[in-house]
Amino acid sequence: MPYPSPVKYGFLLLISLTAVFVFYFPAEIKAYTAPQIFVTKLKINGVNGNEIKGEFTVVNREAYYSGGLNYEIKLFQQTSPKETNFVDLNVPKETFSIPPNGTVNKSFDYLYPINIISGDYTLRVQAIAAVLGGLGWQDQTVSLKGGNKFLGILFPSSKILVASKEYTTSEGVNVSPEETVTAFLTVKNPGEEITVIPDIKIFKRQVDMPLVKEYQDSPIIIASGGTKEINLEMPKFIDSESYLAEVQFYQNQEQVSGTEFFRWVVAGEGGKILNVKIDKDYYKAGDNMELTIESIGPADASDIGQGSLDINIFDSNGNLVAKTSKDVSLNSDVLSTTVEIPIQNDLLSPKIEVSLAKGGKVFDQKSIECAIFSPAAKKLESELAIKEQIGRYLFYLIILAIILAIGFLIYRFRKKSSNPFFTKLWKAGKEK
């Protein structure tokens, strides 16, 4: 699809932070404000072959710890002063967290498709959060060289077909598990005749979420200088979910086209945990942990009544230290639930696991681990380390004292045994 020019419309960065997440949750969220997480100081350090090296900073403007964050690298080709074509997307596997009003510095190595058309491109680095999707981004223009063997996807013509009806690629049409979903797109071949293989990846909700299915479709021949309309029948799924298909075209195991996405929703009972917010990275014995959990009901926007949020809290060693549960509504509205959990012992770098369920069926799970950032947490960490060291020394001293006591008793027994009086008494008892 055509994208607004990142260069001319850079101010969209600010808008993205308060935008409604229609692309990722077309039928799930009526209105949702994105967390205030930005990407700044994007710098490209060099291009070697088809590898781009760079660095950037992620900034958290929220007053809570943000965990389970990641970033994605997008590559756009400028097609006009106002539009760009989406070429490629890369999502690292790592995740990270940021303290309230804090920053994290990151570096990246990105391999772009070697067959692209040589020219100027826009590299976008965007922060993402599991389930929530894209957050703030920053762009840099970079001149790249390629093999000049790249199919152009005519994004405005792409659509989803269901029961002879047409839908846009991002609206997330509701379907039953039995209905057939077809992805339609048109490609243009600026070079010689080429035979390509559609490469298809299908994710739950978005590209940094679980990969449901990956496969290659039948080969397609595209004439030199021609265009080709392509229909790709998507697999059928039983589980109620929002599915996202990533479609690219390959030749000889190399990407030779841009990337198009298609979204649809399988109707049925379900629910999602959108975000888990934690107020601190440490707790003293007797404190209350305050969690804010944002959740929503089925992907098809139906109302299925009440469900429950089941919460488990673990310490840094994986020991369960607290648990609780709270009822929530499961419908098309985003629900923000605040839970206070008493903490019995000092707790550092807690891990929180939250499940959204109904009638014993778990719809979604989310876990966050809070790294140690604050000075107070670091101070508590030092205090606990000293206590542990003292406890270890006391343990060793007790063991040593026991060993010495046993040794002393053995020595006294042997000394008494070697006394003539005790020896004579022992022999007399034996003769009797």
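The values are calculated or read from the model by the stated rules, or taken from the named source; none is laboratory data. Here the structure is a predicted model, which means the values were calculated and not measured. Heads up, the Cβs are rebuilt from the backbone with ideal geometry, glycines too, and the neighbour counts pull from every protein chain shown. Areas reflect the complete protein model, heavy atoms only, side chains present, ligands, DNA and RNA absent. Shrake-Rupley method; radii C 1.70, N 1.55, O 1.52, S 1.80 Å.
Binning at 10 angstrom from zero up to the longest distance, how are the C-alpha pair distances of region 78-154 distributed in percent?
Values per bin, smallest distances first: 13, 44, 29, 13, 2.
Can you give the charge dipole size of region 35-145 about its Cα centre, rounded to the nearest 20 debye, using +1 on the beta carbon of Lys and Arg and -1 on the beta carbon of Asp and Glu? Mind dumping the intermediate values first?
On the way: 10 positive and 10 negative charges, 29 e Å.
Roughly 140 debye for region 35-145.
Give the residue from 123, 173, 112 lying farthest towards the positive end of the charge dipole for region 106-208; charges sit on Cβ (+1 for Lys and Arg, -1 for Asp and Glu) and the dipole is referred to the Cα centre.
123
At 1.4 Å probe size, with no ligands or nucleic acids counted, give the accessible surface of residue 41 in Å², nearest ten.
Counting only protein heavy atoms, the figure is 150 Å².
Roughly how big is region 69-197's charge dipole about its Cα centre, with Cβ charges of +1 (Lys, Arg) and -1 (Asp, Glu), in debye to the nearest 20?
Values: 10 positive and 13 negative charges, 51 e Å.
The calculated dipole for region 69-197 is roughly 240 debye.
Go ahead and run the numbers for FRET between residue 338 and residue 404, Cβ-Cβ distance against an R0 of 60 Å, rounding to 0.05. Numbers along the way, then the final one.
On the way: r = 56 Å, r/R0 = 0.93.
So, using R0 = 60 Å, E works out to roughly 0.60.
Which order do the peptides 195-202, 325-332 take when ranked by the mean count of other beta-carbon atoms within 10 Å per residue, highest first? Kindly include the intermediate steps, with their values, before the conclusion.
Working: 195-202: 17.8, 325-332: 16.2.
Highest to lowest by the protection proxy: 195-202, 325-332.
Can you find, among 301, 278, 230, the residue sitting farthest towards the positive end of the charge dipole of region 218-301, where Lys and Arg contribute +1 and Asp and Glu -1 at Cβ?
Towards the positive end, the residue furthest out is 230.
Label region 280-355 by shape, choosing from rounded, prolate and oblate, from the square roots a ≥ b ≥ c of the eigenvalues of the Cα gyration tensor; if a/c is under 1.5 it is rounded, and otherwise prolate applies when a/b is larger than b/c, oblate when it is not. Kindly include the intermediate steps, with their values, before the conclusion.
Details: a/c = 2.93, a/b = 2.60, b/c = 1.13.
Prolate is the answer for region 280-355, as a/c is 1.5 or above and a/b outweighs b/c.
Go ahead and collect, in residue order, the members of region 61-101 whose backbone nitrogen is under 17 Å from a label point 7 Å along the Cα-Cβ direction of residue 142.
71-78, 85-93
Which of the peptides 403-410, 172-179 is most tightly packed, and how do the rest follow, judged by the mean count of other Cβ atoms within 10 Å per residue? Can you show the working numbers first?
On the way: 403-410: 10.0, 172-179: 16.9.
For the peptides 403-410, 172-179, the packing ranking is 172-179, 403-410.
Would you mind telling me the share, in percent, of accessible area of region 258-407 contributed by carbon and sulfur at probe 1.4 angstrom?
Numbers: 3910 of 7380 Å².
C and S fraction of accessible area: 53 percent.
For region 144-283, I need the span (max minus min coordinate) of the C-alpha atoms along each principal axis, in Å, sorted largest to smallest.
63, 42, 25
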